[in-house]
1. Being out of contact with any strand residue (DSSP E or B) (no Cβ under 8 Å at 6 or more places or on another chain), part of a helix (DSSP H, G or I) and more than 30 Å from residue 250 (Cβ to Cβ) is true for just one of 336, 346. Which residue is that?
2. For the range 255-273, which residues satisfy the criterion of being in a helix (DSSP H, G or I), within 14 Å of residue 217 (Cα to Cα) and not hydrophobic (A, V, I, L, M, F, W, C)?
3. Of the residues 354, 281, 254, which is among the aromatic types (Phe, Trp, Tyr) and touching a Ser or Thr at 6+ places or on another chain (Cβ under 7 Å)?
4. Could you say whether any residue in the range 190-204 is surrounded by fewer than 22 Cβ atoms within 10 Å (Cβ to Cβ), of a type outside the set (Asp, Glu) and more than 25 Å from residue 46 (Cβ to Cβ)?
5. Just one of (1) touching a residue at least 60 places away in the same chain (Cβ under 8 Å); (2) in contact with a strand residue (DSSP E or B) (Cβ under 6 Å, 6 or more places away or on another chain) trips up residue 284, so point out which.
6. All but one of (1) within 23 Å of the chain's Cα centre (by Cα); (2) outside any strand (DSSP E or B); (3) charged (D, E, K, R) hold for residue 141, so report the exception by its number.
7. Need at least 2 residues that are touching a strand residue (DSSP E or B) at 6+ places or on another chain (Cβ under 9 Å) and not assigned by TED's automatic domain parsing to the domain that holds residue 310 per element, so show me which strands (runs of 3 or more DSSP E) inside the range 148-254 make the cut, counting only ones lying wholly within it.
8. Every residue in the range 314-333 that is β-branched (Val, Ile, Thr) and assigned to a helix (DSSP H, G or I), please.
Amino acid sequence: MTSSIIIVGGGIVGASFAYHAHLNDIKKISVITETLPGDNQQATTNTWGWVNGYANNDEEYASFRLASLNYWPKLIENINNISSTSKGAFFWDLNETDILQTIDQHQNWGHSVSIKQEFELEKILPNLFNKPKNAGYGKNDLAVEATEISKKLFEKSNVNFLKKKVTKLIFEKNKVKGVQTGDEKIYADEVILATGLGTPEILESININFIMRSSLGLLAYTNPLPPLLNHPITGIDFHVRQDSQGRLVIGGRFDDDATKENDLAASAKMLVNEMVSRINFDGEVTLDHYTVGKRPLPIDGRPKIGRLKNSVGEIIKGVYIAVMHSGVTNAPMAGKLGIEEIISGKQDKMLTSFAPHIISDRE
């Protein structure tokens, strides 16, 4: 029986695990994290906030993302005073052949995605210049403010926050029994690692070599503006949405790596200036601030959710990991199915290929 858990990590993935643990009557939920929701070192703080179901040429992952996308509205409905910022999103960051192929592939997998032609875009995106001939449109895609939702999920979960660094796992006889933070040892029935790029360091303490990579994401935020864009847009060399405060949140080529930028402040100003040239607005648009976040990427790009195995192939008890990009899309279903597996001991078939000891050759 699981009566106490430790969640290491204070982002949206950890928040989902906390919330679903609370729903399943786990009474003692401790969250140990160096970064609280909203801290600028947290991946969740620096996310663009687009929830979608796309995973080209990977039906298993696309199905998992779609399940999470479909679960998001129910999750939001159960949180007081919160909502998605918008519904529906456009993409045209591919050539026309690839856009059509992506749409056809995901339609065959049950996604609500379609083509919107230029004359339709004129009506839906009247304030955007230079619209493409064809764009993909995800009818149920969402934009969310991930930090605010993380805070709300933690609040509803009655967690005990400890703002500390976990230095190692307490490990005896192939079982994790808790964590160590400096000189303090904290015990629980289960330790959940929702630790993003911090995961390899923690797992080294039990001789697990967990390999990750990362890329740097730059987002520029403008001053609050009147409603200009009702949907997230991913174009050829930019992505933009308008957040709940009216600010345009602007990035460059989607999932581009900003480590090559010599001057991030200048690059952020350039993103704003380029966006100004794309929108029909006569008022003042300025750079309010920018964020730079490291994306936590498992080595094959797919989520790693589940139990670990030791060097002889035995399941390590007492520890569960949930590491992924994008956490904003995947967190609801990862937390729901992950907690159900921890309690019941049975793994949902949707998680089978995302077990952390299974490394796919997919890119």
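1. Every option except 336 fails the conditions.
2. Keep residues of the range 255-273 that are in a helix (DSSP H, G or I), which gives 258-260, 264-273.
With within 14 Å of residue 217 (Cα to Cα) added as a condition, the list becomes 258-260, 264-265, 267-268, 271.
If the condition is that a residue be in a helix (DSSP H, G or I), within 14 Å of residue 217 (Cα to Cα) and not hydrophobic (A, V, I, L, M, F, W, C), then 259, 260, 267 are the ones that fit.
3. Result: 254 is the single residue among 354, 281, 254 that is among the aromatic types (Phe, Trp, Tyr) and touching a Ser or Thr at 6+ places or on another chain (Cβ under 7 Å).
4. No: the range 190-204 contains no residue that is surrounded by fewer than 22 Cβ atoms within 10 Å (Cβ to Cβ), of a type outside the set (Asp, Glu) and more than 25 Å from residue 46 (Cβ to Cβ).
5. That leaves (2) as the condition not met.
6. Only one criterion in (1) within 23 Å of the chain's Cα centre (by Cα); (2) outside any strand (DSSP E or B); (3) charged (D, E, K, R) is unmet by residue 141, namely (2).
7. Working: elements: 160-162, 168-172, 175-181, 184-187, 190-193, 212-222, 239-242, 248-251.
Hits in the range 148-254: 212-222, 239-242, 248-251.
8. Once the filter is applied, which keeps residues that are β-branched (Val, Ile, Thr) and assigned to a helix (DSSP H, G or I), the range 314-333 yields 328, 329.
The values are calculated or read from the model by the stated rules, or taken from the named source; none is laboratory data. Computed from a prediction, not measured in an experiment: that's the story for all the values here. With ideal geometry, Cβ positions are generated from the backbone for all residues, glycine too; neighbour counts draw on all protein chains shown.
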